[in-house]
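Take a look at the structure set out below.
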Amino acid sequence: MTVYEIQHWLLTTLGSVEIVKPIMTSKWGWPICESLHFIGLSLLIGTIGMFDMRLLGIAKRIPISALHRLIPWGIGGYILNIITGSMFLVTAPDQYLYNSAFHLKMLFMAVAGLNVLTFYSAVFRKVNVLGAGADAPLAAKWIGGASLFLWTGVIIFGRLLTFYRPFACGKGGATGFLATCL
Amino acid sequence: MDHFLLWLESTALSIWMRESINVFAFPMILAYHTIGMGFVAGLSSAVDLRILGVARRVPLLELKRFLPATWAAFWLNAASGVLLLIAYPTKALTNPVFYLKLTCIGFAVAILRSIAKSIFQNPNLDLGEIPARGKWLAGASLFCWAGAIFAGRLLAYTYTRLTQ
């Protein structure tokens, strides 16, 4: 299969999901899902970003295992965003599948996922036993730094989606290439 | 008001923000605004969760080490927010939802300052139960940040005039 065929298959498959369309095409369905998507983003970057900063050496008197108790809230934000993100995707698959900002966002999400797997398989057991005041090992610092970089990248490319839409959107007619896509 | 908005929209900076096809004009400034939102609302909410009883073994006093990053994110958003406002002043200033957003942020920031002054300065707090006032502040903070994000996101859907 060529990339074009894969994209076309995804377009028809995702586009055939009908259950969320009545919600998403209602007056406030899409805007409310966007708001929830941004709340999920803040929850993820706030808790997981705080944990990453601890790995990097900020607030060393907090035991890493104690701060790890905040991670389920970050995972909650992630799940909220997978749900709302999927709702956008199946409602307007053409706006995403042919959008280079979306491709980069998915790439950054995939690498961020691999980074999480690396953290739990390679360093979690070592850092979880560290007490108050202990410095995280260098490998954990790299993973924490990579996490901050990758999630920030996900936010940037997510926000740029609007400006790389392959088709017109929203209220048209105003001047400037941005005006119709705010 | 209309004269002021018309003047602001005719400034070089406003026109550049609106019409430049440079990705570092409007699009990236909006992206910075979203990054700042994630860190200021997110880090502040993480502190609120701790006050409300999540991750009890985290020493409250030490959470103040995250305040500089939280304030840096706040000032990033104040700066990027002003630029976004200069780009489309009529769009924001003629929309009541924009003032609701500013009110939510005002309360959230006041609460953050209050938490920084009271909770982070009290070495006895880690030994006992957090006073009810602290829990109320933390709950109100979560509510205000969620409100600010909701109102901010809805600005794209509730404006009546884009430009003069």
Practice item. Could you tell me whether segment B:93-113 includes any residue that is away from chain A (no Cβ under 11 Å) and among the charged types (D, E, K, R)? Key: yes
Check your understanding: Name the residues in segment A:49-58 that are within 7 Å of chain B (Cβ to nearest Cβ), open to solvent by less than 10 Å² (accessible area, probe 1.4 Å) and over 17 Å from B:Ile51 (Cα atoms), would you?
Key -> A:Gly49
Exercise for review: Could you figure out which of (1) under 19 Å from the mean Cα position of the chain (by Cα); (2) open to solvent by 10 Å² or more (accessible area, probe 1.4 Å); (3) more than 7 Å from chain A (Cβ to nearest Cβ) isn't true of B:Leu30?
Suggested key: (3)
Check your understanding: Take the residues of segment B:41-54 that are β-branched (Val, Ile, Thr) and open to solvent by 10 Å² or more (accessible area, probe 1.4 Å): which is farthest from the chain's Cα centre (by Cα)?
Key -> B:Val54
Study note, to complete from the structure: Note: among A:Ile79, A:Ile155, just one is of a type in the set (A, V, I, L, M), open to solvent by less than 30 Å² (accessible area, probe 1.4 Å) and within 30 Å of A:Thr12 (Cα to Cα), namely A:Ile155
Review point. Out of all the residues in segment B:114-145, which are within 14 Å of chain A (Cβ to nearest Cβ) and of a type in the set (D, E, K, R)?
Key: B:Asp126
Practice item. Name the residue, out of A:Phe38, A:Phe88, A:Phe102, that is open to solvent by less than 40 Å² (accessible area, probe 1.4 Å), at the interface with another protein chain (Cβ under 10 Å from one of its Cβ atoms) and of a type in the set (Phe, Trp, Tyr). Key: A:Phe38
Review point. When you go through A:Ser16, A:Ser65 one by one, which is the residue that is open to solvent by less than 60 Å² (accessible area, probe 1.4 Å) and of a type outside the set (D, E, K, R)?
Key: A:Ser65
**Study point:** B:Ala148 vs. criteria at pLDDT 95 or above, within 14 Å of chain A (Cβ to nearest Cβ), under 12 Å from the mean Cα position of the chain (by Cα) and open to solvent by less than 20 Å² (accessible area, probe 1.4 Å)
**Key:** yes
Check your understanding: In the list B:Thr90, B:Thr70, which residue meets the criterion of being buried (at least 17 other Cβ atoms within 10 Å of the Cβ), touching a helix residue (DSSP H, G or I) at 6+ places or on another chain (Cβ under 7 Å) and under 24 Å from A:Gly46 (Cα atoms)?
Key -> B:Thr70
**Study point:** Candidate set: segment B:1-27, residues that are among the small types (Gly, Ala, Ser) and more than 9 Å from chain A (Cβ to nearest Cβ); chosen: the one surrounded by the most Cβ atoms within 10 Å (Cβ to Cβ)
**Key:** B:Ser14
**Study point:** Verdict on A:Ile23 being in a helix (DSSP H, G or I), within 11 Å of chain B (Cβ to nearest Cβ) and either farther than 26 Å from B:Gly152 by Cα or touching a residue at least 40 places away in the same chain (Cβ under 8 Å) (or both)
**Key:** no
Review point. Between residues in segment A:71-93 that are under 20 Å from A:Ser26 (Cα atoms) and residues that are exposed (fewer than 14 other Cβ atoms within 10 Å of the Cβ) and charged (D, E, K, R), which pairs lie under 9 Å by C-beta distance while being six or more apart or on different chains?
Key: A:Val90/A:Glu18
Review point. Could you say whether any residue in segment A:123-143 is within 30 Å of A:Lys21 (Cα to Cα) and either of a type outside the set (Val, Ile, Thr) or away from chain B (no Cβ under 12 Å) (or both)?
Key: no
Review point. On the given criteria, is A:Gly133 within 22 Å of A:Leu36 (Cβ to Cβ) and not β-branched (Val, Ile, Thr)?
Key: no
Review point. Quick check: anything in segment B:58-66 within 9 Å of chain A (Cβ to nearest Cβ), open to solvent by 70 Å² or more (accessible area, probe 1.4 Å), assigned to a helix (DSSP H, G or I) and in contact (Cβ under 8 Å) with a residue 12 or more places away in the chain?
Key: yes
Practice item. Kindly indicate whether any position in segment A:64-76 is over 26 Å from B:Pro123 (Cβ atoms) and of a type in the set (D, E, K, R). Key: no
Study note, to complete from the structure: Filtering segment A:59-85 down to residues that are over 15 Å from A:Glu34 (Cβ atoms) and away from every other protein chain (no Cβ under 14 Å) yields A:Ile79
Revision key, fill the gap. Subset of segment B:6-31, residues assigned to a helix (DSSP H, G or I), in contact with a Lys or Arg (Cβ under 9 Å, 6 or more places away or on another chain) and of a type outside the set (Asp, Glu), comes to B:Phe26, B:Pro27, B:Met28, B:Leu30, B:Ala31
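The values are calculated or read from the model by the stated rules, or taken from the named source; none is laboratory data. No experiment lies behind these values; they were computed from the predicted model shown. Cβ atoms come from the backbone with ideal geometry, glycine included; neighbour counts cover every protein chain shown. Calculation scope for accessible area: heavy atoms of the full protein, side chains included, ligands and nucleic acids excluded. Shrake-Rupley method; radii C 1.70, N 1.55, O 1.52, S 1.80 Å.
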